[in-house]
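Since the structure comes first, as structure tokens, the remarks are kept for the end.
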Amino acid sequence: MFRYLKFTLACAIIAAIWLGALPWLADRPAMRSHIDSMQQQGIDPSAMYYTEVYER
Amino acid sequence: MSTQDAATTPSPAPTPAPKGENWFNDDWMAVWLGGLILVLAFFGSFKFSTFKKGEPDKDGKTPIVVSNGLKSYVGKTGDWKSNPVDGFSKTDKKTQKVTSLAPGVLGSCAFLFVIFTLAAIVRGQPLSKFVPGFVAMLLLALLAYLLSGQEVIKYYNLEYVLWALLVGLIISNTIGTPAWIKPAANGEFYIKTGLVLLGAEVLFGELIKLGPRGILVSWVATPIVLITTFIFGQRILRMKSPSLNMVISADMSVCGVSAAIATGAACRAKKEELTTAISLSLAFTVVMMILQPQFIKWSGMNENVGAAWIGGTIDSTGAVVAAGSLLGDEAEKIAVTIKMIQNILIGVVSLAVAIYWVSYVDRAPGAPAVGVGEIWRRFPRFILGFAAASLLFSIVASFDDFHAALVGSMIKDITKDLRGWLFCLAFVSIGLETNFFELAPYFANWKTVTLYVVGQAFNLLVSFTLAYIAFGLYPMT
């Protein structure tokens, strides 16, 4: 039973970060400007290899 | 065993290779599956694409524009801000046209399902055990992709492998990995198959486009930093695990996560070692991606020198472009160029590491030199598939502009996304097989962080010197 409680807690933390904290952070002016700039240029900073870099 | 010991224990000695070749082991199956995927992708792209001449570029060359009919059936989820469902569609910023990404996600999953089910049949795995596990693996990989698509995560270079690991770790360390998933949680197999696909992206023809300045910065700095950092770890820090030492050295000096995966497979690094190296690299990359362009601007450094410096030092390819773009268009091009050359070095580095490992590292102390026959017997076979794919597609792309465009489309529209799914499946598997308590000593070990920090400091120095020689002493006209 305890392991399911741990699993639920972990999922709740993930949900709180991804659906609450990160969207809030995405709207902070400095972050927003970085994200908008990358999106406009079609750059994917999470690209692992050169073939993935440009999304345009 | 103390935490320090646990984190520095060398990888287990390789299992002696059987006398007869086992054509259906993980290595060879990765070669067959990777080869099959590449053949299907190449001929599929040829059959279902339209080719037309584009607008002449500034050099007067007319590029061939390929519209690949298979493109919309292969892909992954996109970015989103507050609603993960938005990750299943993409909005064009200029035209505001919305395109669904669901067919690409479904197509990729269905294709991989068919290919890996075929592999399970060939290897005599019971389908009743493999199929439910593989479907669950695909769903977990999809969840990892969705986590990695959140805007802040994506645009600050926190790559999907980290979230694939997290998804697996949460399950294995809370409810435990269900027994029915385990038959499909074969991380090494997915990594090796993904690396064969990556081989097709290592195109040597790209080097010619890049010029001697880029080659000077990349091809001189990278081997110097890689070898020096490895020697530093072995001789000064006395790290007990040479494979951990090598994976950290490679991801820091070559090109981040992709280099860590390739060299980790070549030297049979433990999953905890690969995880440590990748986590270290991503953490430092985020910091460098933000601070290095700011430092270059603040110091008044020549932008071209700064761009070459960024290209030579920031681990991750995407982060290099993001940082380079902050210095301007020309700087972005230079940074990308330098990183591309390092990307292509993955092939040479992995091959060299595999040969070095079977020749020297795996040899018992005091044992006589290993002969060619023994090297061949121990050599990881999937590296042959990786090298063959690189060589073959480099040759095909060199035929003419049409073939170059065809190979380019095959990679960008099909195989790079399939390779991404395979790496994502691999890291979900690694997470499912890993215990937090086994991982903790690696992060608590001061030697790994010292190795990275000292190696990166040396990399910054060497790359800056070469960038200054190539772009500062002889400015571009």
Compare the peptides B:35-45, B:335-345 by average per-residue count of other Cβ atoms within 10 angstrom and give them in order, highest first. B:335-345, B:35-45
What does the structure give for B:147-159 when I average, per residue, the other chain Cβ atoms found within 10 Å of the residue Cβ? 6
Long-range amide H contacts for A:I43: which residues qualify at under 5 Å (H placed 1.01 Å from N, peptide plane, sequence gap of 5 or more or a different chain)? A:E55
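Over all directions, how big on average is the projection of the convex hull of the alpha-carbon atoms in segment B:291-428, in square nanometres? Walk me through the numbers on the way to the answer.
Working: hull surface 50.8 nm².
Across all orientations, segment B:291-428 yields a mean hull projection of 12.7 nm².
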Rounded to the nearest 20 debye, what is the charge dipole size of segment B:3-473 about its Cα centre when +1 sits on each Lys and Arg Cβ and -1 on each Asp and Glu Cβ? 380
Evaluate Rg over Rh across segment B:78-194, taking Cα atoms for both radii and Kirkwood's formula for Rh. 1.02
Which values of log₁₀ I(q)/I(0), to two decimal places, follow from the Debye formula for the protein assembly as shown at q = 0.10, 0.11, 0.12, 0.13 Å⁻¹ with a uniform point scatterer at every Cα? -0.80, -0.99, -1.21, -1.46
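Please work out the FRET efficiency for the pair B:L127 and B:F43, using the Cβ-Cβ distance as r and a Förster radius of 22 Å; give the result to the nearest 0.05.
Working: r = 28 Å, r/R0 = 1.26.
Computed FRET efficiency for B:L127 and B:F43 comes out at 0.20.
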Taking only the alpha carbons of segment B:133-202, what extent do you get along each of the three principal axes, in Å, biggest first? 36, 31, 17
Pull up all non-local amide H partners of B:Q150: gap of 5 or more, or a different chain, and H-to-H distance under 5 Å with H placed in the peptide plane. B:W80
Proxy reagent accessibility, fewest Cβ within 10 Å first, across B:W180, A:W18, B:W28: B:W180, B:W28, A:W18
Using only the Cα atoms of chain B, construct the convex hull and provide its projected area averaged over every direction, in square nanometres to one decimal. 24.3
Would you list the P(r) distribution for segment B:113-167, with all Cα-Cα distances sorted into 10 Å bins from 0 and each bin expressed as a whole %? 24, 36, 26, 13, 2
Output wanted: per-residue J couplings in Hz (rounded whole) for segment B:31-36, from phi through Karplus 6.51 cos²θ - 1.76 cosθ + 1.60, θ = phi - 60°, x for Gly and Pro. 5, 5, 5, x, x, 4
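Residue separation times 0.36 nm, minus the C-alpha to C-alpha distance between B:A444 and B:L139: what's the value?
Details: separation 305, 0.36 × 305 = 109.80 nm, distance 3.20 nm.
Taking B:A444 through B:L139 to full extension adds about 106.6 nm, to one decimal.
Between A:D27 and B:R235, what's the calculated FRET efficiency when r is the beta-carbon distance and R0 is 45 Å? Round to 0.05. Before the final figure, lay out the partial values.
Details: r = 50 Å, r/R0 = 1.10.
FRET efficiency, A:D27 to B:R235: 0.35.
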Two-site label geometry, B:L118 and B:F437: point separation in nm, points 7 Å out along Cα→Cβ: 4.4
Computed FRET value (nearest 0.05) for B:T50 with B:V370, which takes r as the C-beta separation and R₀ as 41 Å: 0.20
Determine the distance separating the Cα centre of segment B:226-271 from the Cα centre of segment A:1-55; give it in Å without decimals. 28
Distance in nm between B:L291 and B:I469 label points, each 7 Å along Cα→Cβ, equals 2.7
What pairs in B:K71/B:K94; A:K6/B:K154; B:K53/B:K76; B:K90/B:K339; B:K71/B:K412 have C-alpha atoms more than 19 Å from each other? B:K71/B:K94; A:K6/B:K154; B:K53/B:K76; B:K90/B:K339
What percentages, rounded to whole numbers, describe P(r) for chain A computed over all alpha carbon pairs with 5 Å bin width beginning at zero? 4, 16, 14, 15, 15, 13, 10, 7, 5, 1
HN-Hα J couplings of segment B:148-165 from phi, Karplus 6.51/-1.76/1.60, θ = phi - 60°, integer Hz, Gly and Pro as x? 6, x, 4, 3, 5, 4, 5, 7, 10, 6, 8, 5, 4, 4, 5, 7, 5, 4
Contact order relative to length for chain B, counting C-alpha pairs under 8 Å separated by 6 or more residues, stands in percent at 26
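Since every read-out is calculated from the coordinates, none of them should be taken as a lab result. The shown structure was predicted, so the numbers you read here are calculated from the model rather than taken from an experiment. Every residue, glycine as well, gets a Cβ built from its backbone with ideal geometry; the counts of neighbours run over all protein chains shown.
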